[in-house]
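Participant: Dumping the structure here so I can ask a few things about it.
The values are calculated or read from the model by the stated rules, or taken from the named source; none is laboratory data. Being a predicted model, the structure only gives us computed values, none of them experimental. Cβ coordinates were reconstructed from backbone atoms using ideal geometry, including for glycine residues, and neighbour counts include every protein chain displayed.
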Amino acid sequence: MSPSTSSKPKLGMYWASSCGGCDIATLNIHEKLLEVDDAFEIAFWPCAMDAKEKDLEAMPDGSIDLMLFTGAIRTSENEEMAGLLRRKAKILVAFGSCASEGCIPGLANLSTPEMIFEAAYASPSTDNPQGVRPVASWETPEGTLHLPAFQPLLRTLDQVVPVDYSIPGCPPESHQIAQVIGLAIRALRGEASLPPAGATLGAGRTTVCEECPRQRNVKRIKQFVRIQDLERIDPDLCLLEQGVPCNGPATREGCGALCPKASAQCLGCYGPAEGVIDYGARLMTALASVIDSTDPAETNRILDGITDPAGQFYRFSLAKSLLRGSRQALVQK
């Protein structure tokens with residue numbers, strides 16, 4: 001990359017520990033990409049351009065106007081890049097669920113690195129007869145090769161560096177990405193003002209239930225069931241009232257209730273609604289409030305219908321929760 005002579009504001013996007021879905025969703029804004037190209041110079045985006053860390057290091061601090069950071073912090077390289085990008089960016093955005101909450105990779109915080117490596121390299125489905133494990137360094141005729149260190153606990157971006165804004169979603173919906181980038185463009189032109197630092201962009205303040213078109217009545221649940229075990233799903237009735245543990249009561253609105261509209265329960269990828277400190281605790285309260293029993297044995301039977309409590313209550317938010325992880329993982333931290 002040669003030094004830039006463009007007078008346009010600079011935009012960057014980086015992926016840490018993630019699946020790459022946020023980058024795909026960004027490309028899916030279609031013709032809005034032309035507006036991005038017109039308004040910004042792409043300064044650093046490893047997914048879409050040839051860019052090296054040394055190029056980023058050579059840029060002046062604060063030279064990138066808007067940096068979208070996707071993925072969580074799982075390795076020493078992720079942490080190093082988070083610090084470097086924080087220095088180079090005027091505005092740093094935790095983009096997507098991994099960066100803002102830890103997302104599904106954060107469920108690994110229930111295990112220690114040793115347990116994770118055992119599952120990855122020694123499980124019945126793994127062909128690894130020599131018992132190879134990743135190592136921090138390896139000697140070759142050309143010199144020593146180094147791998148990033150796998151850290152004991154996965155962290156969110158704001159647990160490592162200060163973050164200006166966050167955009168929820170796994171991934172964020174493309175139309176919301178377009179809205180956020182459009183707001184940034186207008187702000188840079190002096191046509192709009194950015195919200196206060198710390199705000200969540202591209203989503204609302206209340207819950208998915210408020211944008212879900214399904215009919216809601218007084219909920220009295222006699223059992224929780226997996227959605228695939230229902231003989232028939234009522235297309236109009238609230239899924240929770242049908243016994244399906246839907247996470248809509250605790251999840252921030254903004255996705256358009258896409259999953260409930262398709263007769264699939266909300267799983268919580270847009271994170272906690274405004275003001276919620278711990279997503280899982282809020283959801284537990286919501287589900288407990290609809291159980292139609294005061295008998296402990298009956299209540300336990302109903303709760304046994306939630307087959308994966310950790311995945312139900314903290315699928316996307318464990319790393320950002322008050323729990324953060326298992327005792328074993330936290331001790332190693």
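Participant: I need a count of the residues in segment 165-193 that are surrounded by fewer than 16 Cβ atoms within 10 Å (Cβ to Cβ) and either assigned to a loop (DSSP other than H, G, I, E, B) or in contact with an Asp or Glu (Cβ under 6 Å, 6 or more places away or on another chain) (or both).
Facilitator: The number of residues fulfilling the criteria is 5.
Participant: Outside the structural domain of I221 (by TED's automatic domain parsing), under 24 Å from C98 (Cα atoms) and either within 16 Å of the chain's Cα centre (by Cα) or not charged (D, E, K, R) (or both), is that true of A329? Quick ask: steps written out before the conclusion?
Facilitator: Working: outside the structural domain of I221 (by TED's automatic domain parsing): yes; under 24 Å from C98 (Cα atoms): yes; either within 16 Å of the chain's Cα centre (by Cα) or not charged (D, E, K, R) (or both): yes.
Judged against the criteria, A329 is a match.
Results for (1) out of contact with any Leu (no Cβ under 7 Å at 6 or more places or on another chain); (2) outside the structural domain of V180 (by TED's automatic domain parsing); (3) within 18 Å of A184 (Cα to Cα), shown as yes or no for each residue.
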site	(1), (2), (3)
C19	yes, no, no
T26	yes, no, yes
I29	yes, no, yes
D38	yes, no, yes
A58	yes, no, no
D61	yes, no, no
I64	yes, no, yes
M67	no, no, yes
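To keep it simple, each residue is scored yes or no on (1) of a type in the set (S, T, N, Q); (2) touching a strand residue (DSSP E or B) at 6+ places or on another chain (Cβ under 9 Å); (3) in contact (Cβ under 8 Å) with a residue 12 or more places away in the chain.
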site: N28; (1), (2), (3): yes, no, yes
site: V36; (1), (2), (3): no, yes, yes
site: A48; (1), (2), (3): no, yes, yes
site: A51; (1), (2), (3): no, yes, yes
site: M59; (1), (2), (3): no, yes, yes
site: M67; (1), (2), (3): no, yes, yes
site: S76; (1), (2), (3): yes, yes, yes
site: A82; (1), (2), (3): no, yes, yes
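Participant: If you don't mind, there's one more thing I want to ask. For segment 111-122, give me each residue that is more than 24 Å from G20 (Cβ to Cβ) and part of a loop (DSSP other than H, G, I, E, B).
Facilitator: Residue satisfying the conditions is T112 alone.
Participant: Residues of segment 307-323 being buried (at least 20 other Cβ atoms within 10 Å of the Cβ) and either part of a loop (DSSP other than H, G, I, E, B) or charged (D, E, K, R) (or both), which ones?
Facilitator: Answer for segment 307-323, where residues must be buried (at least 20 other Cβ atoms within 10 Å of the Cβ) and either part of a loop (DSSP other than H, G, I, E, B) or charged (D, E, K, R) (or both): R315, F316, S317, K320, S321.
Participant: Looking at D23 and the list (1) more than 16 Å from S166 (Cα to Cα); (2) modelled with pLDDT of 90 or more; (3) of a type outside the set (S, T, N, Q); (4) assigned to a helix (DSSP H, G or I), which single condition is not satisfied?
Facilitator: (1)
Participant: Okay, moving on. Regarding segment 101-114, can at least one residue be identified that is over 21 Å from R324 (Cα atoms) and either basic (K, R) or at pLDDT below 95 (or both)? Outline the logic, then answer.
Facilitator: Let us first name the residues in segment 101-114 that are over 21 Å from R324 (Cα atoms), namely none.
Within segment 101-114, none of the residues are over 21 Å from R324 (Cα atoms) and either basic (K, R) or at pLDDT below 95 (or both).
Participant: Please specify each residue of segment 3-24 satisfying the condition of being crowded, with 21+ Cβ neighbours inside 10 Å and of a type in the set (A, V, I, L, M, F, W, C). Don't jump to the end; show me each part of the working.
Facilitator: So in segment 3-24, the residues crowded, with 21+ Cβ neighbours inside 10 Å come out as 11-18, 22-23.
Residues satisfying the conditions are L11, M13, W15, A16, C22.
Participant: Next up: Suppose we filter segment 218-243 for residues that are under 30 Å from the mean Cα position of the chain (by Cα) and without any contact (Cβ under 8 Å) to a residue 60 or more places away in the chain; how many remain?
Facilitator: Selection size over segment 218-243: 13.
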